[in-house]
1. With I279, I220 as the choices, which residue is in contact with a Gly (Cβ under 7 Å, 6 or more places away or on another chain), in a helix (DSSP H, G or I) and surrounded by 15 or more Cβ atoms within 10 Å (Cβ to Cβ)?
2. Which of the residues that make up the range 93-121 are out of contact with any Lys or Arg (no Cβ under 7 Å at 6 or more places or on another chain) and either hydroxyl-bearing (S, T, Y) or assigned to a loop (DSSP other than H, G, I, E, B) (or both)?
3. Are any of the residues in the range 140-149 surrounded by fewer than 20 Cβ atoms within 10 Å (Cβ to Cβ), modelled with pLDDT under 90 and either acidic (D, E) or touching a Pro at 6+ places or on another chain (Cβ under 7 Å) (or both)?
4. Could you please find all residues in the range 231-266 being of a type in the set (D, E, K, R) and surrounded by 18 or more Cβ atoms within 10 Å (Cβ to Cβ)?
5. Going through the range 260-276 one residue at a time, which ones are assigned to a helix (DSSP H, G or I), more than 22 Å from the chain's Cα centre (by Cα) and either farther than 12 Å from I143 by Cβ or free of Cβ contacts under 8 Å to residues at least 40 places away in the same chain (or both)?
6. Taking the range 40-92, which residues are under 30 Å from I270 (Cβ atoms), assigned to a helix (DSSP H, G or I) and among the hydrophobic types (A, V, I, L, M, F, W, C)?
7. Under 9 Å between Cβ atoms, which residue pairs at least 6 apart in sequence (or on different chains) link something in the range 190-214 that is without any contact (Cβ under 8 Å) to a residue 12 or more places away in the chain and among the aromatic types (F, W, Y) with a partner that is part of a helix (DSSP H, G or I) and surrounded by 11 or more Cβ atoms within 10 Å (Cβ to Cβ)?
Amino acid sequence: MSDLNRKWVYLIILSIIWGTSYILIKKSLLGFTPVQLGVLRIIIAAILLLILGVKTLRGITKQEWKWVAISGLVGSFIPVFLFAFAQTQIDSSIASILNSLVPLFTIIVGYFFFRITFNRNQFIGVIVGLLGAILLIYIGAEINPEQNYWYAGLVIMATICYAFNANIIKSKLYDVTPLGIAVGNFTIMLIPALIIVPFSGVFEDKVLEGEYFLSSLGYIIILCVLGTCIAKVMFNRLIQISSPVFSVSVTYLIPLVGIFWGVLDGENFILPQFLAACIIILGVYLINKQKIK
């Protein structure tokens, strides 16, 4: 299969996996706190990845380890906790839609930190997408007054982290295998996660004997295997065979999957929210209409 066809296959599979991740996070939070969810995701994913590809660490040079560590921090460690905390207050479907801001921030981060230029359409796309996000948050706060939509800012912070990660992998880690990047990321992340876990309360009786402990742990394992291990390797490969902006265009399709699961789970989703989501996706479309120089 050519790289042209392969990148589209990766894009579709990633959109299904990551679009489902938001409902899995929501279900995992029934039995765990955001901190507990975060450290368990990191530890389980790190163990699985080390079993699969510990040998790939030999191919990472001393100079590349610095960027592997930074990539792990901004691409996985920080977003894992940001999304967990955000979804204690906002619906999973809204989190999946706000994740569509990643291509917008990829353009901004690429311009200011990686000297990647952008054209007028892409600038308009950034503005349109940000306006759509503001509208989506405003409407959500109006129809769900019991939810604290300031927490949507945590999702936006996570999308900025993803934007940095996409540019780092493309510009600094192009010689490292996709599996090597993922294993290296989680090897570094495992250290702070193991430090945090004794203070998280995850081994307390009220957690272990909780009504949702086993089901939530099962959702976390699925999240780790699909949403972290498999998807992480595929995404790293997608960046290498395409471009940072194309790779994060997976956010075109993620909201469709996220909304589907959210509505199925009883979340409110009205027409104005759908229109706001379309505005965000329009912004992403304008950014991708012409490739970055």
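The values are calculated or read from the model by the stated rules, or taken from the named source; none is laboratory data. In this text the structure is predicted, and so the values were computed from the model without any measurement. With ideal geometry, Cβ positions are generated from the backbone for all residues, glycine too; neighbour counts draw on all protein chains shown.
1. On the way: I220 fails: in contact with a Gly (Cβ under 7 Å, 6 or more places away or on another chain).
So the residue among I279, I220 that is in contact with a Gly (Cβ under 7 Å, 6 or more places away or on another chain), in a helix (DSSP H, G or I) and surrounded by 15 or more Cβ atoms within 10 Å (Cβ to Cβ) is I279.
2. Within the range 93-121, S93, S96, S100, T106, Y111, R115, I116, F118, N119 qualify.
3. yes
4. K232, R237
5. Result: L271, L275.
6. Answer for the range 40-92, where residues must be under 30 Å from I270 (Cβ atoms), assigned to a helix (DSSP H, G or I) and among the hydrophobic types (A, V, I, L, M, F, W, C): V80, F81, L82, F83, A84, F85, A86.
7. Matching pairs, first to second residue: F199/V35; F203/V197.
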